[in-house]
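> Please find one structure pasted underneath; my questions will follow.
The values are calculated or read from the model by the stated rules, or taken from the named source; none is laboratory data. Since the model is a prediction, treat every value here as computed from it, not as a measurement. Cβ sites come from the backbone with ideal geometry, for glycine too, and all protein chains shown count toward neighbours. Accessible surface is based on the protein model in full, side chains and every heavy atom, while ligands, DNA and RNA are left aside. Shrake-Rupley method; radii C 1.70, N 1.55, O 1.52, S 1.80 Å.
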Amino acid sequence: MKILVAVKQVAAVDEDFEFREDGRDVDPDFLIRDLNEWDDFSLEEAVKIKEASAEPVEVVAVSVGPAEADEILRKCLAKGADRAVRIWDDAIEGSDPIAVARVLAAAAGREAPGLLFAGVQSSDQSFASTGIAIAAFLDWPHAAVVSRLTFTPGAATAVFCRELEGGLLQEVEIQCPAVLTIQLGINTPRYASLRSIKQAAAKPIEVLSTADLGLAAGDVGEAGSASRIRRMFVPDRGHAELIEGGAAAQAARLAAIIREFKGGSV
Amino acid sequence: MSGILLVAEQRRGELKAPSLELISAAQPLRRSGDEVSIAVLGSAPAQHVAALSLAGVDEIITVKTAAAEFDPDTFEAALGALIAQRQPDVVLVPHSIDSFGYAAALAVKLRLGFATDVFDIRRIDGDLVATRGGYGQKVSVEVDFPGRSTVLLALRANSFKAPERSGAPRVTEFEAPSIAARSQPRGFVELPASDDVDMTAAEFILTIGRGIGEEANVAQFRELADAIGATLGCSRPIADAGWLPKSRQVGQSGKTASGCKLYIAMGVSGAIQHLAGMKHVSTIVAVNSDAGASIFGVAKYGIVGDVFEVAAELRRQFEGDAA
């Protein structure tokens, strides 16, 4: 039995950053990259299932991204993934979550896992769409925002809780193979040991192109996307009145605000 | 392609508030002759007709489904059939836990233009342009949908105001196709109360976030909260780590600080999900070492500085006071 875990290398912007010349993205020089926080939890969930299973389970991490995304795949290998697959060619540049999902679905078709996990959303672009779009391309059962999961490899169904608004959970039973998007807090992701980091560095990462997956040029990039970025800009949003000074002066002003509130005038 | 289709959400017989915000979002998108229709799905959808009879709605479409509660296969089949029949040029849904489960699948199956977490929509030279956040809300991103005759947008809660005036829309019934759903809801689970705090009632809240670093530091903020008379709350990472009970988590999946008047956020970056639970509070004070943290975008007062130093100095200010 196999669990496929879709992972993303996300980017955060530096404190001071500039846009690319065409204004449609941030200049990549100002981006700091890391494994998407949600994906750390979905990988851990897959590894936990593997460790608790009587039958053999293979955990495969898959990512759509250029060579630098190898870094997060090595992280996944160090944290317990058995194999890593990275899919990239230049045609993929400019893909939205729908086009990325089409690529990941093609990879899933090749791997034929019993479960596919994706993070609920990415910390950078926050679409909350890729996992469920993969399910649509595969025509698999799917569910989003899974915060508890009970699954025995080999079983025909999985039982999970969706985390709803306001602290309410909904228990659901789903037919497998299925796509589940995994919520933060479902488990406690492990830290990779120094030894496993070293071992991961020596493991191969399988690299595939869209052609390897039988995809056409029009399936990815802007042509394969359901939206196109026109421009990015820094929002002109409201900003707090800054309380200046050292910590003591700042705390004194904050204390005054609190005392005003207690006096009933806030 | 004409008309605007909205999809309301309900859970356990209660219409969810963001459903009504869609109505206001739709109005500026009307072109001549466009109607705004709002669909509501469920086993007894007619019960929501009164609440949806608002100004700006031309038609309420009641879609009776076998499932009483949200199920992705049911939603995709019913909305897929409805969109195929009506051919609207815009479909608006709330960006919510439920829509996370079906919206992207619907967009794939019907080849719709698609964007989520949208907080602004306009027509520029006839083209629909949606604005959403990027890079953890540090930038805004304008997207359009070339070549797509129908566009599905999931709208961020609290970005549009619900209409106040009532209206008299006509009501149409729509038959949902019968399907064999591949997942079965088995019921709701209420998290047991892990302590007796009621964040929704607290008037003065001190919230701690990831910026407090480690569990051992929680105690000093608990003492500070006691000293200043605030209820101690937290953002998601603190509750997930088990440093404070889930009942103290403020945000979309936690509690809404509905009764709060003064909210002090220490070491909270201000993820959208957290802001959903507190940005309405009239006086928000944010303390964070990162001047670019999004919490400063909603705070009335901001302190850029070390949370521990500010907390220690604040504790000193209240030293003489009775807790």
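> Working only within segment A:91-103, note down all residues that are open to solvent by less than 20 Å² (accessible area, probe 1.4 Å) and more than 12 Å from chain B (Cβ to nearest Cβ).
Matches in segment A:91-103: A:I92, A:V103.
> Just checking: which of the strands (runs of 3 or more DSSP E) contained wholly in segment B:161-212 hold 2 or more residues that are closer than 28 Å to A:V172 by Cα and either open to solvent by 30 Å² or more (accessible area, probe 1.4 Å) or among the aromatic types (F, W, Y) (or both)?
B:170-175, B:183-190
> Still on this structure: Could you pull out the residue among A:S63, A:S122 that is part of a strand (DSSP E or B), crowded, with 22+ Cβ neighbours inside 10 Å and not hydrophobic (A, V, I, L, M, F, W, C)?
Checking each option against the conditions leaves just A:S63.
> Considering only residues that are at pLDDT 90 or above and either aliphatic (A, V, I, L, M) or open to solvent by less than 10 Å² (accessible area, probe 1.4 Å) (or both), which ones fall in segment B:240-259?
If the condition is that a residue be at pLDDT 90 or above and either aliphatic (A, V, I, L, M) or open to solvent by less than 10 Å² (accessible area, probe 1.4 Å) (or both), then B:A241, B:L244, B:Q249, B:V250, B:G251, B:A257 are the ones that fit.
> A:A128: part of a loop (DSSP other than H, G, I, E, B), open to solvent by less than 30 Å² (accessible area, probe 1.4 Å) and either among the basic types (K, R) or within 7 Å of chain B (Cβ to nearest Cβ) (or both), yes or no?
yes
> List pairs: first residue in segment B:8-25 and within 13 Å of another protein chain (Cβ to nearest Cβ) and over 13 Å from B:E69 (Cα atoms), second residue basic (K, R) and open to solvent by less than 40 Å² (accessible area, probe 1.4 Å) anywhere in the structure, Cβ distance under 9 angstrom, at least six positions apart or on different chains.
From segment B:8-25, the pairs are B:P18/B:R156.
> Same structure again: Name the residue, out of A:D219, A:D236, that is among the acidic types (D, E) and under 30 Å from A:A69 (Cβ atoms).
That would be A:D219, the only listed residue that is among the acidic types (D, E) and under 30 Å from A:A69 (Cβ atoms).
> For segment B:37-48, how many residues are farther than 16 Å from B:P18 by Cα and either under 23 Å from the mean Cα position of the chain (by Cα) or among the β-branched types (V, I, T) (or both)?
2
> Identify, please: which residue in segment B:277-294 is polar (S, T, N, Q) and touching a residue at least 60 places away in the same chain (Cβ under 8 Å) and is, among those, surrounded by the most Cβ atoms within 10 Å (Cβ to Cβ)?
Restricting to residues being polar (S, T, N, Q) and touching a residue at least 60 places away in the same chain (Cβ under 8 Å), the top hit is B:N288.
> Given the residues B:F114, B:F100, B:F119, which is the only one that is open to solvent by 10 Å² or more (accessible area, probe 1.4 Å), facing chain A (nearest Cβ under 8 Å) and not hydroxyl-bearing (S, T, Y)?
Of B:F114, B:F100, B:F119, the one residue that is open to solvent by 10 Å² or more (accessible area, probe 1.4 Å), facing chain A (nearest Cβ under 8 Å) and not hydroxyl-bearing (S, T, Y) is B:F100.
> If A:R162 meets every condition in (1) crowded, with 18+ Cβ neighbours inside 10 Å; (2) among the charged types (D, E, K, R); (3) touching a residue at least 24 places away in the same chain (Cβ under 8 Å) apart from one, which number is that one?
(3)
> Select from segment A:214-255 the residues that are part of a strand (DSSP E or B) and modelled with pLDDT of 95 or more and list them in ascending order. Lay out the reasoning, then the answer.
Here is the first cut: in segment A:214-255, the residues part of a strand (DSSP E or B) are A:228-233, A:241-242.
Within segment A:214-255, A:R228, A:I229, A:R230, A:R231, A:M232, A:F233 meet the criteria.
> If you don't mind, there's one more thing I want to ask. Just the residues that are within 14 Å of chain A (Cβ to nearest Cβ), acidic (D, E) and under 27 Å from the mean Cα position of the chain (by Cα), please, taken from segment B:169-216.
Scanning segment B:169-216 gives B:E190, B:D195, B:D198, B:E203.
> Assess whether B:T65 counts as being open to solvent by less than 40 Å² (accessible area, probe 1.4 Å) and in contact with a helix residue (DSSP H, G or I) (Cβ under 6 Å, 6 or more places away or on another chain).
Taking the combined requirement at face value, the residue satisfies it.
> Just name the residue that is nearest to A:W88 (Cα to Cα) out of those in segment A:8-39 that are open to solvent by 30 Å² or more (accessible area, probe 1.4 Å) and under 13 Å from the mean Cα position of the chain (by Cα).
Only one residue fits best here, namely A:K8.
> Consider A:S193 carefully, then state whether it is within 10 Å of chain B (Cβ to nearest Cβ) and either open to solvent by 10 Å² or more (accessible area, probe 1.4 Å) or in contact (Cβ under 8 Å) with a residue 12 or more places away in the chain (or both).
no
> Residue by residue through segment A:131-154, note down the ones that are of a type in the set (V, I, T), touching a residue at least 60 places away in the same chain (Cβ under 8 Å) and not in a loop (DSSP other than H, G, I, E, B). Break it down stepwise before answering.
Keep residues of segment A:131-154 that are of a type in the set (V, I, T), which gives A:132, A:134, A:145-146, A:150, A:152.
Now restrict to residues that are touching a residue at least 60 places away in the same chain (Cβ under 8 Å): A:134, A:152.
A:I134 - this is the single residue of segment A:131-154 that is of a type in the set (V, I, T), touching a residue at least 60 places away in the same chain (Cβ under 8 Å) and not in a loop (DSSP other than H, G, I, E, B).
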